[in-house]
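Below is one structure; the comments refer to it alone.
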Amino acid sequence: MSVQKNVLDYLLKNSDSPISGQALASSFNVSRNAIWKAIEQLRQQGYQIESKRNQGYQLKAVSDELDTQQISLNLSDVWSDLYIEVHKEVSSTNDLAKQFSIDCPGKSGLFISEKQTQGRGRRGRAFHSELSNGLYFSLAVKPNVKEAQDVPRYTIAAATALVQSIEETTGLSAQIKWVNDIFYKQKKIAGILSEATSDLELGGFSAVIIGIGINLSGDFTEASSEVQEVAGTLFEDIIPASFNRNTFLSNFLNHLGNYHLDLTAPTFIEIYRQHLMGLNKEVTYSINNEQYSGIIEGIDQDGHLMVRQSNGTIDTLLGQEVHFSSKQFVK
């Protein structure tokens, strides 16, 4: 690691007490001037580092700039070997994650960007990714399932982890529009796109790519009228100073990591159920371009949506087969 990264790593892990520049220099076998330069660079990035006379440096507040070290610091052991990459702008974080899964089979990788130029949602639809403050990230992970029908559980698990992380880091209550959209104040603020890559030689799935886009703040004046009708943001115009994207991502990953260990456990299904939008609501949906309607009854233990038809029968819907228009959930 560079001197700057070494210094930050130490300060993050030992923020409860100051350390002298000389002690840092000796630890990393560099000059005190190199330590001073590293401290100044970190300050320019938004880290509040206090200099105490005769005591040394102490970290008082972290930067909100996306930072791999901050994210890694609080991750659970599930992600001990997680590779993390941060960008200002990319075409698609899912594309980066897919390439990583090809180049590094069996490894876990996280790709984060503040902007996407070619973001996409389910069924190849474009995903608006040009807010003044958006957060777009994709996780490549070796699937912990053997059967194809269990792969969609990753979408359910990711949606559950996302609403948990929103609530725990902001105190705001979000809801899930089955199967992969997150709503706040009756507006869509986030979407999830999960894709599986196959191993043609060995058979089965080699990786699951979980892509997530979140509208943090900004407006949609440059977006289409269709997007403006449905889309919203978590924080409206300004992100509060108390919100740290690195902490948010760590929190999300830790929840998802727990679910990844056992995707058959009922824990996250119940949390998902508690946040499900539209219970007892009559909705319309399409399956293979055929139109249907019914009343949402809930989800089963596999995360499939249960809809009651007019004749009283219950249809069980699979996420990959069904399209719900978000407009019917917007107020």
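Descending by average beta-carbon neighbour count within 10 Å, the peptides 215-226, 134-145 line up as 134-145, 215-226, the highest first. Cross-link partners of K107 among lysines, defined as those whose alpha carbon lies under 28 angstrom from its own and excluding same-chain residues fewer than eight positions apart: K5, K13, K88, K98, K115, K142, K146.
Annotation note: GluC sites (Glu not before Pro) in region 137-173 located in DSSP loop regions with a Cβ neighbour count of at most 12 within 10 Å are E147. Divided by 2.2 N^0.38 Å, where N counts the residues, the Cα radius of gyration of the chain comes to 1.10. Bridging of K187 to lysines at a Cα separation below 18 Å is possible for K177, K281, K327, K331, once same-chain residues fewer than 8 apart are set aside.
Think of the chain as having a plus end and a minus end, set by charges on the Cβ of Lys, Arg, Asp and Glu; of V30, N251, T170, V30 sits farthest toward the positive end of this dipole.
Between K60 and I295, residue separation times 0.36 nm minus the direct Cα-Cα distance comes to 79.4 nm.
Segment D315..K185, full-extension length gain: 43.9 nm, with 0.36 nm per residue of separation and the alpha-carbon distance subtracted.
Solvent-accessible area per residue in the chain equals 49 Å², computed with a 1.4 angstrom probe and all protein chains kept.
If R0 is 56 Å, the Cβ-Cβ spacing of A241 and R308 corresponds to a FRET efficiency of close to 0.75. Each peptide among 51-64, 296-309, 244-257 gets the average number of other Cβ atoms lying within 10 Å of its residues, and from highest to lowest they stand as 244-257, 296-309, 51-64. Each peptide in 151-162, 88-99, 228-239 gets a packing score, the mean of other Cβ atoms within 10 Å over its residues, and the list from highest to lowest is 151-162, 88-99, 228-239. Each Lys and Arg adds +1 at its Cβ and each Asp and Glu adds -1 at its Cβ; summed about the Cα centre, the chain shows a dipole of about 760 debye.
Considering only protein heavy atoms and a 1.4 Å probe, what is the carbon-and-sulfur percentage of the accessible area of the chain? Within the chain, the accessible surface is 45 percent carbon and sulfur.
The values are calculated or read from the model by the stated rules, or taken from the named source; none is laboratory data. Values in this document were obtained by computation on a predicted structure and should not be read as measured data. Because the Cβ atoms are built from the backbone with ideal geometry, glycine has one as well, and the counts that use them run over all protein chains shown. Side chains included, ligands, DNA and RNA excluded: accessible areas come from the protein's heavy atoms. Shrake-Rupley method; radii C 1.70, N 1.55, O 1.52, S 1.80 Å.
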